[in-house]
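J.: The structure's right below; bear with me while I get my questions together.
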Amino acid sequence: MLKYPARQCLPDKMTESESVVGSKEELYPPKSIRRALNLKPGTRVRYRVDGMRLIVEPIPTVDELSERKPTVTLTLNELRGDRKRLSAELEE
């Protein structure tokens, strides 16, 4: 199974802040949070709910993903074997 590394720009320390939900139920992360996650206008984010916690994660762009160091190394034979196995599973 492929594992993807954590986002490279995350701060080493936990950043915490508070804000108020807007009149139209909008959520506006404070500037300190936006800076810690490198959130800029147009940045896509993913929202998840874990119990009573809201988790907001930036979705990396293709360019950001291409700059990451690979976490898995496959030989050509391994890739062909995986491809053959996955194709067989799809045909079932």
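Each reported figure results from applying straightforward, stated rules to the coordinates on display, with no laboratory input. Source: prediction; values computed, not measured. All Cβ positions, even for glycine, are placed from backbone atoms using ideal geometry, and neighbour counts span all protein chains on display.
J.: Only one of the values [x] 104; [y] 188; [z] 209 was calculated from this structure for volume of the Cα convex hull per residue in Å³; name its label.
T.: [y]
J.: Given R₀ = 35 Å, what would the calculated FRET efficiency be for S87 paired with D50, taking r from the Cβ atoms and rounding to 0.05?
T.: 0.50
J.: Could you derive backbone 3J(HN,Hα) for the stretch 27-44 from the dihedral phi with the Karplus parameters 6.51, -1.76 and 1.60 (θ = phi - 60°), listing whole Hz in sequence and x where the residue is Gly or Pro?
T.: 10, 10, x, x, 4, 4, 6, 4, 5, 4, 9, 6, 7, 10, x, x, 5, 7
J.: Pop out the ³J(HN,Hα) list for the stretch 54-68 in order, Karplus 6.51 cos²θ - 1.76 cosθ + 1.60 with θ = phi - 60°, rounded to Hz; leave Gly and Pro as x.
T.: Couplings: 9, 10, 10, 10, x, 8, x, 7, 4, 4, 5, 5, 5, 7, 6 Hz.
J.: Each residue of the stretch 47-53 in turn: what ³J(HN,Hα) in whole Hz from Karplus with 6.51, -1.76, 1.60 and θ = phi - 60°, glycine and Pro shown as x?
T.: These are the phi-based 3J(HN,Hα) values: 10, 9, 10, 10, x, 9, 10 Hz.
J.: Within a Cβ distance under 12 Å of L54, other residues only, what is the Lys/Arg minus Asp/Glu net charge?
T.: +1
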